[in-house]
Structure formats: C-alpha cells, structure tokens
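Below: one structure, written as structure tokens.
Only the coordinates and a few stated rules stand behind these numbers; no lab work does. This structure is a prediction, so every number in the text was calculated from the model and none was measured. When we count neighbours, we look across all protein chains shown, and the Cβ atoms used for this are built from the backbone with ideal geometry, even at glycine.
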Amino acid sequence: MARPLNRSVLTACRRVMAPHARLVVIELVADDTPGTGPEARLTALMTLYMLSVLPGRERTSREFGALFDAAGLRLDSVRRLNGPKALLVAVPDA
C-alpha cells in the first residue's frame, strides 16, 4: 500500500537535490473547486478511503503548493493526466 506524500519525504528530496534539479510527482489532485461529476465523486470516495485507512486525504493543487513550500520547494507546474491524476513538477526554492 502506498503511503501518502508528506513534508518529511519532500524535505529529504530537497536536501539531496541540485539547484537545477526538478522533482516530478504523479498524484491524485482534487479540483480546487469541487464539482458533482464522476471525477468529483471519485475524489470524494478516495478521500473517505484515505481518511479511514491512511493518515491523509486528497489535496488540491493549492494544497500541494503549500506542502512543497513547507519542504523548501516551489511547485513549478501541474499538468492534468487521465482522470484526477496530475503530474506535479517542483523545483528548489531559491
């Protein structure tokens, strides 16, 4: 079972990153403005699952930005993939 992305993991990554490096993460990313369609329902179900089984929940791109900031990284881009998954690219914060 995968563990949720957290600040200590990102901080460890940041510590070993070169100044020009990029950290690429594929995660489920909730919409900043939740809707009622199939993707919103999937996100709600995944959030309930994560709250009951793991110490986490689905995050929005803004929440991921704050998480990366806390680890000394800057969220450079978010590219939506299929469904609720997204490719998050972070760089060291100068």
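Numbers at a glance
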| read-out | value |
| --- | --- |
| Potential extension, Asp76-Ser8 segment - 0.36 nm per residue separation minus Cα distance | 22.5 nm |
| Computed magnitude of the charge dipole of segment 20-92 (debye, nearest 20; Cβ of K, R +1, Cβ of D, E -1) | 120 |
| Mean Cα-pair separation over length for segment 20-92, i.e. relative contact order, pairs under 8 Å, 6 or more apart, % | 44 |
| Positive minus negative residues near Glu27 (Lys, Arg vs Asp, Glu; Cβ under 10 Å) | +1 |
| Inter-site label distance for Thr47 and Leu87 at 7 Å from Cα along Cβ, in nm | 2.7 |
| Solvent-free Debye scattering, log10 I(q)/I(0), computed from the Cα coordinates of the chain at q = 0.15, 0.17, 0.19 Å⁻¹ | -0.59, -0.74, -0.90 |
